[in-house]
1. Restricting attention to region 71-82, does a residue exist that is farther than 29 Å from Ile6 by Cβ and exposed (fewer than 11 other Cβ atoms within 10 Å of the Cβ)?
2. Can you list the helices (runs of 4 or more DSSP H) found entirely within region 4-114 that contain at least 1 residues being at pLDDT 95 or above?
3. Out of Ser44, Ser13, report the one residue that is under 19 Å from the mean Cα position of the chain (by Cα) and open to solvent by less than 80 Å² (accessible area, probe 1.4 Å).
Amino acid sequence: MEKQEIQLDLVFSALSDRTRRKILETVKVKDCTVMELAGMFDMSLPAVSKHLKILDHSGLLQRQKDGRYVKCHFEPEPMRGAIEWISRQHQFWNDGLNALAELLDKENQEGAEK
């Protein structure tokens with residue numbers, strides 16, 4: 001279980017940055033080289049490389065050497081754990097809010113009967 005928690009932390013940490021989310025949106029559509037990404041995001045190569053390293057470490061992005069270039073490819077599988085965690089939180093809050101709504105409806109009906 002500990003490994004899954006660490007992976008979840010890495011994914012949420014990687015997704016916490018707007019630039020990294022934009023990089024993922026870009027490479028989700030098509031694989032890009034580091035140079036292409038640097039040009040799209042008006043960043044230096046070291047800045048893009050830092051973001052890519054974090055995304056690679058989280059498992060959301062895979063970098064592959066292709067001759068002189070490094071291509072970046074989106075890997076969606078690590079998001080599964082994050083999606084499942086968010087779903088459980090969503091269900092918890094939905095259940096609680098539905099129970100509260102039922103309680104308030106019941107109290108309103110009882111108040112109207114008096």
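The values are calculated or read from the model by the stated rules, or taken from the named source; none is laboratory data. A quick note: this is a predicted structure, and the numbers were derived from the prediction, not measured. Here the Cβ is made from the backbone with ideal geometry for all residues, glycine too, and neighbour counts use every protein chain on show. Side chains are part of the model used for accessible areas, which takes the heavy atoms of the whole protein and leaves out ligands, DNA and RNA. Shrake-Rupley method; radii C 1.70, N 1.55, O 1.52, S 1.80 Å.
1. no
2. Qualifying helices (runs of 4 or more DSSP H): 18-29, 45-58.
3. Ser13
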